[in-house]
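**Q** Sending over a structure as structure tokens; questions will come in a sec.
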Amino acid sequence: MSFFSILACIFLLILSSCKSKQSPDTFSLREGDLLFQDSDCGPFCTAIEKVTFGHKGAKFSHIGLVIKENDELKVLEAISAGVVLTPIDTFLFRSFDTNKKPKVVVGRLVSDKKTLIPQAIEFTKDQMQKEYDDVFDIANDKYYCSELIYDAFKYANEGNPLFDLQPMTFLDPEIEETFPIWKEYFDNLGTSIPEGKLGLNPGGISTSPYIELIYFYGKPDGFQE
């Protein structure tokens with residue numbers, strides 16, 4: 001191999017490295033980015049993370065969409081208060097890894113799907129102030145975090161789902177019984193547990209072929225490099 005061929009290989013290797021892992025000095029969020037979060041919300045998050053598996057084992061329990069509002073980037077998300085806009089820092093500073101860094105990973109749509117972003121954002125904005133979907137029913141007019149993302153990109157993709165629905169489970173895989181926290185939760189709502197009903201979670205979205213995880217603010221639990 002010639003000297004110039006070697007230089008060309010090194011150059012391509014550097015380019016590849018830059019695309020797959022950006023440094024804190026060069027990274028900046030963009031409108032349309034998805035923020036995958038490993039939240040520390042107690043038994044609920046523990047139950048969610050025990051039955052869902054994200055990219056390389058990451059334990060993601062929440063997701064939000066970066067949008068621009070009055071020339072400022074914010075996160076549009078579905079939380080217990082409903083569909084709301086949240087400052088970036090507020091979102092990031094909810095949970096931290098052992099190095100005191102936010103347990104948040106940035107996902108970005110692959111190039112040929114980026115045209116969906118404007119309409120997806122338009123959809124999410126139209127859902128502002130809608131109620132949180134506390135029964136995880138994909139067919140009602142309320143939203144949990146990943147359901148909002150699912151419907152937004154389905155709308156933008158002319159009614160064709162971009163992300164896959166899977167049967168939901170509320171069973172502890174170690175003993176194959178419903179987690180006590182979910183029994184109490186649905187009992188308080190006066191409704192049956194939607195075991196086996198279709199839904200989706202942040203971990204599943206993070207493994208989609210249409211998403212590239214491009215930046216790690218910190219290390220989510222379970223992640224294996």
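**Q** Quick one: Karplus J couplings for the stretch 41-58, per residue in order, coefficients 6.51, -1.76, 1.60, θ = phi - 60°, nearest Hz, x for Gly and Pro?
**A** Coupling constants for the stretch 41-58: 10, x, x, 4, 5, 4, 5, 4, 5, 6, 10, 10, 10, x, 3, 6, x, 4 Hz.
**Q** Further, regarding this structure: Quick one: which residues, 5 or more positions from Asp133 or on another chain, have an amide H under 5 Å from its amide H? H modelled 1.01 Å from N in the peptide plane, none for Pro or chain starts.
**A** Under 5 Å from the amide H of Asp133: Tyr143, Tyr144.
**Q** Provide His62, His55 in ascending order of the number of other Cβ atoms located within 10 Å of each residue's Cβ, fewest first.
**A** Sorted ascending by nearby Cβ count, the order is His55, His62.
**Q** List every residue whose amide H lies under 5 Å from the amide H of Tyr210, counting only residues 5 or more places away in sequence or on a different chain, with H placed 1.01 Å from N in the peptide plane.
**A** none
**Q** Please give me, ordered by residue number, the GluC sites (Glu not before Pro) of the stretch 48-151 that lie in loop per DSSP and have at most 16 other Cβ atoms within 10 Å.
**A** Numbers: sites: Glu49, Glu69, Glu72, Glu77, Glu122, Glu131, Glu147; in loops: Glu131.
Loop-located and lightly packed - Glu131.
**Q** Mind listing the phi-derived Karplus ³J(HN,Hα) values for the stretch 152-167, rounded to whole Hz, using 6.51, -1.76 and 1.60 with θ = phi - 60°, and x for any glycine or proline?
**A** Listing the rounded values in order: 4, 7, 5, 4, 5, 9, 6, x, 9, x, 8, 10, 8, 8, 9, x Hz.
**Q** What ranking, highest mean first, results for peptides 38-44, 214-220, 148-154 when packing means the other Cβ atoms within 10 Å averaged over each residue?
**A** Details: 38-44: 16.0, 214-220: 19.9, 148-154: 22.7.
My ranking of the peptides, most packed first, is 148-154, 214-220, 38-44.
**Q** When only C-alpha pairs under 8 Å and at least 6 residues apart count, what is the relative contact order of the chain, in percent? Display every interim value, and only then the final one.
**A** Numbers: 401 pairs, mean separation 64.7, N = 225.
Computed over the chain, the figure is 29 percent.
**Q** Can I ask one more? Order by neighbour count: Asp134, Asp187, fewest other Cβ atoms within 10 Å first, most last. Please list the in-between numbers first.
**A** Values: Asp134 14, Asp187 11.
Result, fewest neighbours first: Asp187, Asp134.
**Q** Let me ask something additional. What nm distance separates the two modelled labels at Asp172 and Asn140, each placed 7 Å from Cα along Cα→Cβ?
**A** 2.7
**Q** Here is a follow-up. Convex hull over the Cα atoms of the chain, averaged projected area in nm²?
**A** On the way: hull surface 61.2 nm².
Quarter of the Cα hull surface area: 15.3 nm².
**Q** For a 24 Å ceiling on Cα separation, which of these pairs sit above it: Lys74/Lys154; Lys113/Lys142; Lys100/Lys130; Lys101/Lys125? Show your work: numbers first, answer last.
**A** Working: Lys74/Lys154 22 Å; Lys113/Lys142 26 Å; Lys100/Lys130 33 Å; Lys101/Lys125 29 Å.
Where the Cα-Cα span goes over 24 Å, the pairs concerned are Lys113/Lys142; Lys100/Lys130; Lys101/Lys125.
**Q** Let me ask another. What lysines does Lys183 reach when the alpha-carbon gap must be under 21 Å and sequence neighbours fewer than 8 apart in one chain are set aside?
**A** Within reach: Lys50, Lys197.
**Q** Tabulate in residue order the Karplus-calculated ³J(HN,Hα) for the stretch 118-135, using 6.51 cos²θ - 1.76 cosθ + 1.60 with θ = phi - 60°, rounded to whole Hz; enter x for Gly and Pro.
**A** In residue order, the calculated couplings are x, 6, 5, 5, 4, 4, 5, 5, 5, 8, 3, 6, 5, 6, 6, 7, 6, 9 Hz.
**Q** Relative to the first principal axis of the alpha-carbon coordinates of the chain, what is the inclination of helix 3-20, with its axis defined by its Cα atoms, in degrees from 0 to 90 and to the nearest 10?
**A** Result, in degrees: 20.
**Q** So if we plug the beta-carbon distance of Asp187 and Thr98 into 1/(1 + (r/R0)^6) with R0 = 35 Å, what FRET efficiency do we get, rounded to 0.05? Mind dumping the intermediate values first?
**A** On the way: r = 36 Å, r/R0 = 1.02.
With R0 = 35 Å, the Cβ-Cβ based efficiency is 0.45.
**Q** Could you give the size of the charge dipole of the chain about its Cα centre, using +1 on the Cβ of each K and R and -1 on the Cβ of each D and E, expressed in debye and rounded to the nearest 20?
**A** Values: 22 positive and 34 negative charges, 193 e Å.
Dipole about the Cα centre, nearest 20: 920 debye.
None of the figures in this text is laboratory data; all of them are computed from the coordinates on show. The model shown is predicted, which means the values in this text are computed figures rather than measured ones. Glycine gets a Cβ as well: all are built from the backbone with ideal geometry, and neighbour counts include every protein chain shown.
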